[in-house]
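Asker: This structure is in structure tokens; I'll ask about it shortly.
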Amino acid sequence: MRLEVKGLSKAFGGVHAVDELDFTVEPGQIYAVIGPNGAGKTTLFNLISGIYRPDCGEIRLNDERVTNLPPEQLAARGMLRTFQHMQVCMNMSALENVMLGRHLHTVRGFWSALLRLPQLRRSEQACREQAAELLEFVGCHDYLESAASALPYGALKRLEIARALAAKPGILLLDEPAAGLNTTETAALERLIASIAADGITVVLVEHDMKLVMSISEQVLVLDYGRRLAVGTPTEVRQNPDVIAAYLGG
Amino acid sequence: MRTLSRTPARTLARRTLALVAALACGGLTAPLLAADPIRIGAFVSATGPASLLGDPELKTLELYVEKINEQGGVLGRELELIHYDDAGRASEARRYANRLLRSDRVDLLIGGSTTGTTMAAVPLAERAGRPLISMAGAIEITEPVRPWIFKTPQTDRMAAERVLEDMQQRGIERIGLISGTDSFGRSGREQTHAIAADYGIEIVADRTYGPQDTDMTSQLTRIRNTEGVEAVFNFGFGQGPAIVTRNYAHLGIELPLYQSHGVASDRFLELVGSAGEGVRLPASPLLVPDALPEDDPQRPVVQAYKEAYEARWGESVSTFGGYAYDALMLAVEAMEKAGTTEPEAVRSALERIEGFVGVTGTFNLSPEDHNGLDPSSFRLLEVRDGRWHLVD
Amino acid sequence: MLAEFLQYLIAGVTIGATYALVALGFTLVYNASHVINFAQGEMLMIGGMATVALLALGVPLPLAIALAILTAALLGLLLHRLAIAPARQADVVTLIIITIGAAIFLRGIAQVIWGRDYHSLPSFSQPEAINLFGATMYTQSLWVLGISAMVVILLALFFARTAVGRATLAVCMNKRAARLMGVRVEWVLTLAFTLAAVLGAIAGVVAAPITLTSYDIGIMLGLKGFVAAAIGGLGSGVGAIVGGLLLGISEAMTAGYLSSDYKDAVAFLLILLILLFMPRGLFGSREAERV
Amino acid sequence: MVIPRWIPGKVSGMPLLIAVLLLFPLTTGNEFHLDIATQMALIAATVVGLNLLVGYAGQVSLGHAAFFAIGAYGSAVLTSTYGWSAVPALLGSAALVAAIAWLFGRPLLRLKGHYLSMATLGFGIIVAIVINNEGWLTGGPDGMAVAPFSIFGFELSVFDDYTLWGVEVTGALLWYVVAAFLLVVAVWIALNIIDSPIGRALRAVHGSEVAARVVGVDTAHYKLMIFVVSAIYASVMGSFYAHYTGFITPELATFEHSIELITMVVLGGMGSTFGVIIGAVLLLLLPQLLADFQQYEMLLFGLILMLTMIFMPKGLLPTLCQLFTRVLDRSRLSARRRDET
């Protein structure tokens, strides 16, 4: 899925969190957004995924204008995301959280729910199985029936990814997926992201872990104070003098 | 709960247990048919918006059941009073009436305090075949006549008649009406509208206030500014009429103010203070026992009730307590007349009571009249120098 | 004509000021804890009834009023310490139900101690009524307005000028941040409940000579206060005051000019219209959602 | 790992409910007990519907009694005054309630916070005022009598006796059966909704609304849906309640009644279908038990309500379930230790 951002801006009380930003993510790419703290990375994600409304600018998904659409409609078009501060329903089990992700792909009509019609029962059974598979895929097979509140931090991060995958994304936004993970977990995450991309899903990630970013990304966008500082392959970015100045000199 | 006959604590424990057992686990708990006192069941609005009615009613019932038992009871048996507080809610009244009839197996029902609570219980009493004596005003309780249903207060129509009659005598032709939006005020308002023309009186302004309202100056200003108003009639009970009276005085309205029997207690005088001067209302002679002529048959009854109530409870009597007194005494009279507590016999004895002197008036019941009072039982009172006076 | 209008206005503003004080109490507690304190009306009742009871014992009026307000303050403090704080982990709805329980409990106690009668309180000053451009005004109305205005000003100064007041505001805005800044949040919440109780009690005392008082007067006046707070956007101090006055005036005007049957309905219709067309209330703030 | 679930599984709860409902009439021949039980069942069914809104969608309605009252008065007026038969009257009232709920819910449920509660508060009180004032239609504050429920010419009155297939039954018992059946259906539907993608979406709203939205759940849509459903629950039960008691007054629409319904939900346990039934039963039983304390009734009622919520903030059933699973876990743990030694 192709994502195109043009002239995107958002200010909070006079501070430009995102300022006239342009970039394009080609289908199937692993695209990283990096930058120092406060560079506007999370704001950018919240704008793209419809949680914030941009002040101006345009967002296109596969050439369709999706600016100002609410998150649920973006999800229906194939844009899914995870959160830096995880948003997991702690009142539900791990499996149910993933089943929630399949919401758009289940039988969910009012009458079939009310009367518990056979088609709904079949759909729910399938949904449960697929959710279990996904949990295994992300490496959470130990926690199938656990309450989400009982999961360790690393597993919750993977649970969020499984939930997003359950919705069959065309493009997946990952907000700091490696934050708080140890080296083994990060390695597992790297393999997971690679295999997601291998399935043809476009991946956009915001990440602080430079090792991870540099090893898996095809394109890297560097933000500073909401503006584009640089964009290019990991090697290009690493050699960009502005980037070096911002990261080392600033 | 039951006055006399058992220690309260044990009764309480037993009854609570019985109810829990029956409702939660389900046990066969037909109440123990003990030494067979006569069971009088009462449901009154002792709390809630109608507590001004229910509170004195309950106190009266408790007082007189004690008194009657001290004097040897009825038909040689003790009276047992089982009473519940419906808080003025019809659904609660229905539940308690059913409990009295089915679980407590009372011989006779007294209640409710309001028309709504009474009407909710009426079908139950009819179904169970037990006499019910209501203490509520509306005419619909006894009209049309239902075999098992009686009531002691005059109808609100009689109150309206008494007031309109006095207005007619004073030559008043156009009046402003103000009334509460509760059951008492609504029903009174309807009756006043229905009969005003009979007295050549036109209602030119008609305003209402909520039972919990705290200020009626807007309504009264409107009435005052309506052209041609010669007097104001307020139909309501509780604190509302007291506030109306105070506002009326403060607005400096000079027209005669009439209240209904809904304020007929000394409490009203305390609340309104000097603002009450000149207010007229129809009421039972209870408020002016000493002003009654020596030969009035009601004089001793009223004096005795007032004395007993005030001695026992340390507060002044109200018209509403009198309704409860009459209800209980009519029931006792009927049982003694019938010589039994068998419901049908008591019912038909009630219908045959004639010339029974109560606090509210003299009752002449018949199969066609289950109230038995006429408008003349209302005395017209006027407030002068902070006291009630009979208007001749 | 003008006299008539003025008469309605006086009636509306007087009762509206009472509503506003109660509404401020709701707002204070709501801002600090997101709880709708349904025991707020009972504080009003305690204020009025305790004054009446103390007067009957021969206590002079000013002292009786002070003691009554103190009683309400203590009850507000206890309400938070004994009933709300122990359940602080619970859902907001649960806390609301606790305040309903507390309201019924307080009403029950008042009924046992003071009985079910209505009582009047003497007017604070003589004469009881004065003439104003052809309209009559209770002198007590002046007391109500004056004291309400004073309370509002004191409250504003308290929040703007004192460290405790600023800490309270900080808690209202963001509990976690306030805690990090070293504010003792529990203490501030207790203060909010206590202050709200004081506001209610003051309203109860100053209005009692006009409204009369009884053990259950808090039900209606509490509800009206809540409605006033809702009109103002539930959470805005200015909104509570404007909401209270608006409610009082709309009631009086409707009762006078339109239909007295539907005068209460107008206030509630107002809520619906405001919510439908100005979803944050008149003065409700817009909260940004943080992810 | 045992999940302390709020909802005891459908498997255990439903048969237990049916068993209790079946056994109850065998234990008492007292019509008063049947009467209380019938009312409990009807109110409990209302509360099961309200719980969908409060417990799952996390929206508080402070005017639910109004929907109950519109159902009750709708049925009463249409049958008694306009001569409709009971079923169309009931459906007509429910349709009206659904339309009103949709109209109010649509703009309000898109907003966060207490907006729905304030709007429903206003709406509820307006309904109460209208019922009180329009005496020509509703009988005003005195209330109005309601004809017995009738279907296909069969009139079900609590005051009559019937012979069904040669067996004598009282109207009270028949009504109890009807109410019990309604409760079971209400619970069945509620459980179906909860145990579907719709229910999952609603529970997610409670857990994290953002999470639900970013996976494509139109949360506002589901909140609105459940608001309408819970309003219909109230309306239908109100209709039956009116026919059952045969006499209704405006108190059905009051704010106090709305608060009572919410209290049942919270007392029993928000989000626990069987919990809220217990909440309804207790709250209706409590006044009956406390009636013996006379003037202390109100004081005790408030105290009990307060203490229960302070010490069982999640509600009765969930707290008890948690306690039970904890005891179970502990015994299992000690059993394992014994095995190991």
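The values are calculated or read from the model by the stated rules, or taken from the named source; none is laboratory data. Because the structure is predicted, anything quoted here is derived from the model rather than measured. For neighbour counting, all protein chains shown are included, and Cβ atoms are generated from backbone atoms with ideal geometry for every residue, glycine included. In case anyone asks, the SASA skips ligands and DNA or RNA and just uses the protein heavy atoms, side chains included. Shrake-Rupley method; radii C 1.70, N 1.55, O 1.52, S 1.80 Å.
Asker: Mind listing just one residue for me: the one in the range A:71-94 that is more than 7 Å from every other protein chain (Cβ to nearest Cβ) and more than 15 Å from the chain's Cα centre (by Cα) and, of those, most open to solvent (accessible area, probe 1.4 Å)?
Answerer: For the range A:71-94, the residue satisfying everything is A:Gln73.
Asker: Right, next: Pairs please, first residue from the range C:121-150 and free of Cβ contacts under 8 Å to residues at least 60 places away in the same chain, second anywhere and of a type in the set (S, T, N, Q) and open to solvent by 40 Å² or more (accessible area, probe 1.4 Å), Cβ atoms under 9 Å, 6+ apart in sequence or on different chains.
Answerer: Going by the 9 Å Cβ cut-off, the qualifying pairs are C:Thr139/C:Gln126.
Asker: Right, next: Within the range C:1-37, count every residue that is surrounded by 21 or more Cβ atoms within 10 Å (Cβ to Cβ), part of a loop (DSSP other than H, G, I, E, B) and within 11 Å of another protein chain (Cβ to nearest Cβ).
Answerer: Residues that pass the stated criteria total 2.
Asker: Within the range C:116-132, work out how many residues are crowded, with 23+ Cβ neighbours inside 10 Å and either hydrophobic (A, V, I, L, M, F, W, C) or over 19 Å from B:Ala50 (Cβ atoms) (or both).
Answerer: Within the range C:116-132, residues that are crowded, with 23+ Cβ neighbours inside 10 Å and either hydrophobic (A, V, I, L, M, F, W, C) or over 19 Å from B:Ala50 (Cβ atoms) (or both) number 1.
Asker: So, one more: Residue by residue through the range B:99-114, note down the ones that are open to solvent by 10 Å² or more (accessible area, probe 1.4 Å) and not basic (Lys, Arg).
Answerer: Hits for the range B:99-114 are B:Leu101, B:Ser103, B:Asp107, B:Thr114.
Asker: Got a sec? Which of C:Ile84, C:Ile113, C:Ile100, C:Ile96 is open to solvent by 40 Å² or more (accessible area, probe 1.4 Å), within 14 Å of chain D (Cβ to nearest Cβ) and either outside any loop (DSSP other than H, G, I, E, B) or not basic (Lys, Arg) (or both)?
Answerer: Among C:Ile84, C:Ile113, C:Ile100, C:Ile96, only C:Ile113 is open to solvent by 40 Å² or more (accessible area, probe 1.4 Å), within 14 Å of chain D (Cβ to nearest Cβ) and either outside any loop (DSSP other than H, G, I, E, B) or not basic (Lys, Arg) (or both).
Asker: Scanning for something among the charged types (D, E, K, R) and either crowded, with 20+ Cβ neighbours inside 10 Å or assigned to a helix (DSSP H, G or I) (or both), does the range D:149-161 turn up at least one residue?
Answerer: No; the residues of the range D:149-161 include none that is among the charged types (D, E, K, R) and either crowded, with 20+ Cβ neighbours inside 10 Å or assigned to a helix (DSSP H, G or I) (or both).
Asker: Also, I was wondering about something else. Check whether at least one residue in the range D:10-22 is hydroxyl-bearing (Ser, Thr, Tyr) and open to solvent by less than 10 Å² (accessible area, probe 1.4 Å), and report yes or no.
Answerer: no
Asker: Working only within the range D:124-140, note down all residues that are out of contact with any Pro (no Cβ under 6 Å at 6 or more places or on another chain) and either surrounded by fewer than 24 Cβ atoms within 10 Å (Cβ to Cβ) or more than 11 Å from chain C (Cβ to nearest Cβ) (or both).
Answerer: Residues satisfying the conditions are D:Ile126, D:Ile129, D:Val130, D:Asn133, D:Glu134, D:Gly135, D:Trp136, D:Leu137, D:Thr138, D:Gly139.
Asker: Moving to a separate point now. If you take the residues of the range B:319-354 that are among the acidic types (Asp, Glu) and assigned to a helix (DSSP H, G or I), which of them is nearest to B:Arg130 (Cα to Cα)?
Answerer: B:Glu344
Asker: Considering only helices (runs of 4 or more DSSP H) fully contained in the range B:140-244, which possess at least 3 residues that are surrounded by 24 or more Cβ atoms within 10 Å (Cβ to Cβ) and under 21 Å from the mean Cα position of the chain (by Cα)?
Answerer: Filter on the range B:140-244 gives B:156-169, B:183-196.
Asker: For the range D:186-215, what are the residues that are touching a residue at least 24 places away in the same chain (Cβ under 8 Å) and β-branched (Val, Ile, Thr)?
Answerer: Scanning the range D:186-215 gives D:Val187, D:Ile193, D:Ile194, D:Ile198, D:Val205.
Asker: Which of the residues spanning the range C:116-130 are more than 8 Å from every other protein chain (Cβ to nearest Cβ) and farther than 25 Å from C:Gly76 by Cβ?
Answerer: Once the filter is applied, which keeps residues that are more than 8 Å from every other protein chain (Cβ to nearest Cβ) and farther than 25 Å from C:Gly76 by Cβ, the range C:116-130 yields C:Pro122, C:Ser123, C:Ser125, C:Gln126, C:Pro127, C:Ile130.
Asker: Does any residue of the range C:233-240 turn out to be surrounded by 22 or more Cβ atoms within 10 Å (Cβ to Cβ) and modelled with pLDDT of 90 or more?
Answerer: Yes.
Asker: Among A:Val66, A:Val98, which is the only one that is buried (at least 22 other Cβ atoms within 10 Å of the Cβ), farther than 22 Å from D:Ile226 by Cβ and more than 7 Å from chain D (Cβ to nearest Cβ)?
Answerer: Just a single option satisfies the conditions, and that option is A:Val98.
Asker: For the condition open to solvent by less than 10 Å² (accessible area, probe 1.4 Å) and either hydrophobic (A, V, I, L, M, F, W, C) or at the interface with another protein chain (Cβ under 9 Å from one of its Cβ atoms) (or both), what is the one hit in C:Leu212, C:Leu189?
Answerer: C:Leu212
Asker: What number goes with the only condition from (1) in a helix (DSSP H, G or I); (2) under 29 Å from B:Glu161 (Cβ atoms) that B:Ser316 does not pass?
Answerer: (1)
Asker: Scan D:Ile248, D:Ile262, D:Ile278, D:Ile304 and give me the residue that is under 23 Å from D:Ala98 (Cα atoms), touching a Leu at 6+ places or on another chain (Cβ under 9 Å) and of a type in the set (A, V, I, L, M, F, W, C).
Answerer: Answer to the check: D:Ile262.
Asker: List the strands (runs of 3 or more DSSP E) that sit entirely inside the range A:1-59 and contain at least 3 residues that are open to solvent by less than 40 Å² (accessible area, probe 1.4 Å) and more than 24 Å from D:Gly216 (Cβ to Cβ).
Answerer: Strands (runs of 3 or more DSSP E) meeting the threshold: A:3-12, A:15-25.
Asker: Okay, moving on. May I ask you to list pairs of residues, at least six apart or on different chains, whose Cβ atoms are under 9 Å apart, with the first in the range B:79-96 being at the interface with chain D (Cβ under 8 Å from one of its Cβ atoms) and the second being of a type in the set (Phe, Trp, Tyr) and in a helix (DSSP H, G or I)?
Answerer: From residues that are at the interface with chain D (Cβ under 8 Å from one of its Cβ atoms), the pairs are B:Tyr84/B:Tyr96; B:Asp85/B:Tyr96; B:Ser91/D:Tyr241; B:Arg95/D:Phe32.
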